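These notes are about the structure you will find just below.
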Amino acid sequence: MNPFDLTGTTALVSGSSRGIGLALAKGLLQAGSRVTIHGRNISQVKTAALDLAEETGGETRVSTFDVTDQDAVDRGIADIEQEWGALDILVNNAGIQRRAPFPEFTLQDWNDLIATNLTGAFLVSQRVARGMVQQGSGKIINIGSVQSQLARPGIAPYSATKGGIVMLTKGLCADLGPHGIQANALAPGYFETELTRALVEDEHFTQWVTTRTPAGRWGKVEDLVGALVFLASPASNFVNGQVLFVDGGMTAVV
Ligand code: NDP
């Protein structure tokens, strides 16, 4: 028996129309899961779902609810459950970034960050957990960041949301562990995606990342897949409430 095999399972990866979520969805498909591809932009979501199905030979479906809107989350998860039954795997990946010096950070940007990165994970987890509790099993993987543990100038509110994700994960473990559900966080280091494009293009920042990271490079989204499959599979059935950093060693060194 392969403890990493996901054959027969169903998954939702929020924010999987591009970037890290797209790579995570592909990894789950390759491990045998059926995966709902998600984001707000319907044409991006459809294209991603079609491409992934073609590339992997796996089964995909699409969903476009806004993770900050409770009614939309409810309808979106009900649709998935109607077709596939209760989900086996939820990856809370949808997220945004806003940067500004702290004295100038707007309340609107703070509220947007909290709503998407933290309230979104709460709302989707809560709705999905109801089905998981009924079936007595499930895997919830929340996407954190090195900012779950370390701060950096200009992104204090983002860091607050990613620190919050760690404690939400531990809370989910406390509440849902007795129901056979594991909730863990996967915390990426610096990865090249749309969210970090401005940083990748900034020569000084890229030099800082490569010097600060023992691996000496930006992460590639594929670097996250092994850890995700571990946390989504029976291989991690006694791992609960933990944070797994996939950061080329960044958080291990000063
Ligand atoms: P991208 O901006 O490339 O992708 C974000 C995804 O989330 C898109 O699919 C987007 O689709 C979706 N999304 C955003 N807001 C909402 C919303 N309100 N409702 C539904 N979907 C939404 O980001 P990344 O791939 O870089 O980041 C993904 C996750 O990884 C985030 O949680 C981020 O914080 C985290 N992370 C990223 C790192 C990096 O280096 N890139 C490092 C550490 C963590 P749409 O806009 O169509 O809604």
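Here are a few things to note about the model shown:
- Count of region 1-22 residues which are closer than 15 Å to PHE230 by Cα and outside any strand (DSSP E or B): 8
Table: residues versus (1) away from the ligand (no atom under 12 Å from the Cβ); (2) over 25 Å from VAL35 (Cβ atoms); (3) of a type outside the set (Lys, Arg); (4) in contact with a Pro (Cβ under 7 Å, 6 or more places away or on another chain).
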position	(1), (2), (3), (4)
SER145	no, no, yes, yes
ALA174	yes, yes, yes, no
TRP208	yes, yes, yes, no
GLY248	no, yes, yes, yes
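- Residue selected from region 72-104 under the condition in a loop (DSSP other than H, G, I, E, B) and away from the ligand (no atom under 15 Å from the Cβ), by the criterion surrounded by the fewest Cβ atoms within 10 Å (Cβ to Cβ): PRO101
- Matching residues in region 195-228 - criterion: being aliphatic (A, V, I, L, M) and outside any loop (DSSP other than H, G, I, E, B): LEU195, ALA198, LEU199, VAL200, VAL209, VAL221, LEU224, VAL225, ALA227, LEU228
- Given (1) of a type outside the set (Val, Ile, Thr); (2) more than 15 Å from the ligand (Cβ to nearest atom); (3) buried (at least 24 other Cβ atoms within 10 Å of the Cβ), number of the condition SER16 does not satisfy: (2)
- When region 229-254 is filtered for residues that are surrounded by 17 or more Cβ atoms within 10 Å (Cβ to Cβ), of a type in the set (S, T, N, Q) and in a loop (DSSP other than H, G, I, E, B), the ones remaining, listed by number, are SER233, ASN240.
- All conditions but one from (1) within 11 Å of the ligand (Cβ to nearest atom); (2) crowded, with 21+ Cβ neighbours inside 10 Å apply to ILE140; the one that does not is (1).
- Positions within region 140-196 being farther than 22 Å from PHE238 by Cβ, at pLDDT 95 or above and among the polar types (S, T, N, Q), in sequence order: SER145, GLN147, SER148, GLN149, SER159, THR161
- Residue that is surrounded by the fewest Cβ atoms within 10 Å (Cβ to Cβ) [pool: residues in region 27-52 that are of a type in the set (D, E, K, R) and more than 13 Å from the ligand (Cβ to nearest atom)]: ASP51
- Looking only at residues in region 181-199 that are among the hydrophobic types (A, V, I, L, M, F, W, C) and closer than 30 Å to GLN135 by Cα, the one that is farthest from the ligand (Cβ to nearest atom) is ILE181.
- Filter result for the condition that a residue is part of a helix (DSSP H, G or I), within 16 Å of the chain's Cα centre (by Cα) and surrounded by fewer than 17 Cβ atoms within 10 Å (Cβ to Cβ), over GLN126, GLN147: GLN126
The values are calculated or read from the model by the stated rules, or taken from the named source; none is laboratory data. All values reported here derive from a predicted model rather than from experimental measurement. Every residue, glycine as well, gets a Cβ built from its backbone with ideal geometry; the counts of neighbours run over all protein chains shown.
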